[in-house]
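Coordinate-derived values only; no laboratory data. The shown structure was predicted, so the numbers you read here are calculated from the model rather than taken from an experiment. Quick reminder, even Gly has a Cβ in these numbers, built from the backbone with ideal geometry, and neighbours come from all protein chains shown.
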Amino acid sequence: MPIISLMNQKGGVGKTTTTINLAAQSAIKNRTLMVDVDNQANLTKQFLSEEPEKTVEELFHGRYLEPIEIKKNLFLLPSSLELTGIENKIADKISREFFLKKALKKYQEEFDNIFIDCPPNVNLVTINALTASDHIICPIIADAFSVEGIEGMISVCSLLKEQVNPDLNILGIVVTQYDERLSISKHILKDLEDRGWADDIFKTKVRVNTAIRQGQYYRKDIFQYDRKSHGAMDYAKLGQEVMKRINNYQKL
Ligand SMILES: Nc1ncnc2c1ncn2[C@@H]1O[C@H](COP(=O)(O)OP(=O)(O)OP(=O)(O)O)[C@@H](O)[C@H]1O
Ligand SMILES: [Mg+2]
């Protein structure tokens, strides 16, 4: 079943928040796995109050890691700061880009949707995530540096598509922390459209919403924290748009 990476080498754009809430939305009906491959482990800390005993590092050594059950239908393969050393350990191995792809095959049989939360840089772990993925979703904030960020991401994806993962699909770009009162937000959207990305941008923009931040503080996804908030409405709509795009893509 599809593996979807949340990726943008720019920091703080909403990769982890979008992973949490798309996964929570998916888990309402489907068995869903979240994979944290960021050594900052923000996704993991959202769900676990203590350091995990074992992390996704296991997968890079070819070992199985038991997913941690968060709630009904929602599971996590956690990360920790210890993942920092993994790049050096696999750097000179043959097929070093393919460890995660190989390991996730087993989980694909068990789960309907798998979401990978990537770190804010393009290291060997990120390359493993993109090599394992069917789809990439790129969260951006409508600010002045986002356009460069997307161009960087698209060139990384094109290179990966050419060399290691011809099936990789950029599912779309999602604008997060959107503030429609700011004229800059509209200018930047227009700029993205002028560059030919109009079709890639998801119709749903995730608005700036304090409930999202508060919910994270209390370790709750937005649907648990305040299902009537703008954040919950936006992520519910985004989740539907994401699944529709995936289904349409599979039919092609
Ligand atoms: N729609 C939103 N409204 C308000 N705050 C938000 C929203 N989306 C994300 N945030 C906040 O913005 C911050 C950055 O978000 P997040 O951690 O998801 O980004 P990231 O891309 O995963 O960052 P990193 O690159 O460091 O991994 C967090 O404090 C998060 O709570
Ligand atoms: Mg993050």
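Starting from the range 165-252, pick out the GluC sites (Glu not before Pro) whose DSSP state is loop and whose Cβ has at most 13 other Cβ atoms within 10 Å.
The qualifying sites are E180.
If R₀ is 22 angstrom, what is the calculated FRET efficiency for the pair D194 and L159, using the beta carbon separation as r and rounding to 0.05?
So the FRET efficiency works out to roughly 0.35.
Starting from the 7 Å offset along Cα-to-Cβ, what nm value, one decimal, do you get for the label separation of E51 and H187?
Each label point lies 7 Å from its Cα, and together they span 4.6 nm.
For the range 58-159, which chymotrypsin sites (Phe, Trp or Tyr not before Pro) are both in a DSSP coil and crowded by at most 13 other Cβ atoms within 10 Å?
Working: sites: F60, Y64, F75, F98, F99, Y107, F111, F115, F145; in loops: Y64, F98, F111, F145.
Sites meeting the loop and neighbour criteria: Y64, F145.
Which residue fluctuates most in the GNM of the chain (Cα springs below 10 Å): R213, R195, R31?
R195
Once the Cα gyration tensor of the range 3-251 is diagonalised, what are the square roots of 5 times its eigenvalues, in whole Å and ordered largest first, as equivalent ellipsoid semi-axes?
27, 22, 17
I'd like the antiparallel share, as a percent to the nearest 5, of DSSP beta bridges with both residues in the chain. Can you show the working numbers first?
Working: 3 of 28 bridges.
Rounded to the nearest five, the antiparallel share is 10 percent.
At 0.36 nm per residue, minus the direct Cα-Cα distance, what do H230 and R213 gain on full extension? Give it in nm, one decimal, please. Could you put the intermediate results ahead of the total?
Details: separation 17, 0.36 × 17 = 6.12 nm, distance 1.23 nm.
Computed gain between H230 and R213 is 4.9 nm.
Within the set K205/K244; K45/K237; K10/K205; K102/K161, which residue pairs have Cα atoms separated by over 20 Å? Numbers along the way, then the final one.
On the way: K205/K244 16 Å; K45/K237 26 Å; K10/K205 18 Å; K102/K161 17 Å.
Among K205/K244; K45/K237; K10/K205; K102/K161, the Cα-Cα distance tops 20 Å for K45/K237.
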